[in-house]
Every structure is written in structure tokens, then in C-alpha cells.
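A short worksheet on the structure shown next.
Each value in this text was obtained by applying a stated rule to the coordinates, not by laboratory testing. If you're wondering where the values come from, they're calculated on a predicted model, not measured in any experiment. Cβ placement follows ideal geometry from the backbone for every residue including glycine, while neighbour counts extend to all protein chains displayed.
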Amino acid sequence: MMHNLQERIDRSVTHTVKAIFPNTTNHYDTLFGGTALAWMDEIAFITATRFSRQKMVTVSSDRVDFKKPVPAGTLAELIGTVKSVGTTSLVIRVEVYLEQMYADEREKAMEGLFTMVAIDDNKHPVPISFDNN
């Protein structure tokens with residue numbers, strides 16, 4: 001049972017690591033932006049679902065910044081964290097870190113904010129419930 005909001009946020013933090021293979025790159029041999037956005041949206045969805053344990057959908061993405069290209073042959077760690085909680089929505093920050101496969105180098109490559117809304121079976125917004133865990 002969750003004791004407070006911060007504990008719930010901490011327990012919903014989501015990490016995943018992807019290898020950047022040629023099938024995910026563009027003609028510059030770096031991670032295709034559309035693939036990066038899809039991965040980020042997926043992590044936002046998973047983070048929101050882990051936080052709320054409700055049906056969640058993306059309603060917006062804000063300010064996705066591509067700071068560094070992510071070349072083929074590297075790793076990308078995606079981290080989703082609940083940034084704010086509203087009545088029916090959550091704002092999820094997704095950060096993507098570029099890691100070299102064979103060195104300890106790691107730097108932030110991109111980040112963005114995704115607003116997720118809890119919905120019912122009829123796809124209408126519903127309040128985020130804190131008593132369903």
C-alpha cells in the first residue's frame with residue numbers, strides 16, 4: 001500500500017535500454033527521430049500506467065529536445081518519471097541518455113514531456129485514483 005505521493009512516483013520510475021541498430025537509424029546513421037519519439041511515448045505510457053494502474057492514453061507531447069544525435073552502435077537508456085499529477089492527467093518526463101557500448105561515457109541526448117490522461121472503458125477521462133493499489 002502506498003503511503004504517499006512521492007513513494008508512488010518513486011515506484012513508477014521506468015528504465016529501459018535499447019541498442020541502436022541499423023534498422024532504427026536514418027540516412028545519417030543516427031537514431032531516427034520518429035523511432036525515438038515512439039520509444040519515448042511508450043516509456044511515458046508505461047510510467048503513467050505503473051503510477052495509476054489505470055487505462056492511460058497520450059494527449060500531448062511538449063518540448064521534445066534533441067540535444068545529441070544517437071549513433072548506430074550505441075545504447076540509449078530511456079527513463080520515465082512522473083513530473084506532475086492532475087485530476088485526470090499525469091505529466092511524464094522522459095529522458096534519453098546516450099551510452100557508448102564499450103566505454104563509460106554517458107550523456108543526455110534528448111528529453112521531453114508527455115501528458116497522459118486516465119480513461120474509462122468508453123474512452124472518457126476519469127479521475128486518477130489513489131485507492132486502487
- Task: Treat the count of other C-beta atoms within 10 Å as a stand-in for reagent exposure and order VAL94, VAL13 from fewest to most.
- Result: VAL13, VAL94
- So which residue, out of ILE79, ILE43, ILE20, gets the largest mean-square fluctuation from a GNM of the chain using Cα contacts under 10 Å as springs? ILE20
- Query: What value, in deg cm²/dmol to 500, does the helix sum -39500 (n - 2.57) over DSSP H runs of n ≥ 4 give at 222 nm once divided by the residues of the chain?
  - Reply: -7000 deg cm²/dmol
- Kirkwood-based Rg over Rh for the chain (C-alpha set), two decimals? 1.03
- Task: Please get the size of the charge dipole for the chain, origin at its Cα centre, with Cβ charges of +1 on Lys and Arg and -1 on Asp and Glu, quoted in debye to the nearest 20.
- Result: 240
- Item | Positive dipole terminus of the stretch 11-65, leading residue within ALA38, PRO22, SER52 (C-beta point charges) | SER52
- Which of ALA38, ALA72, ALA103 moves most in a GNM of the chain, Cα contacts under 10 Å? ALA103
- Message: Please rank ASP62, ASP29, fewest neighbouring Cβ atoms within 10 Å first, as an exposure proxy.
- Response: ASP62, ASP29
- Task: Would you list, by chain and number, the aspartates and glutamates whose Cα falls below 20 Å from the Cα of LYS108, excluding same-chain residues fewer than 8 positions away?
- Result: ASP29, ASP41, GLU42, ASP62, ASP65, GLU77, GLU95, GLU99
- Message: Among LEU113, LEU31, LEU90, which one shows the highest mean-square fluctuation when the chain is modelled as a Gaussian network with alpha-carbon springs under 10 Å?
- Response: LEU31
- Low-density loop positions, chymotrypsin sites (Phe, Trp or Tyr not before Pro), the stretch 5-67 - DSSP coil, at most 14 other Cβ in 10 Å: TYR28
- Task: Could you work out the relative contact order of the chain, using alpha carbon pairs under 8 angstrom and six or more residues apart, expressed as a whole percent?
- Result: 28
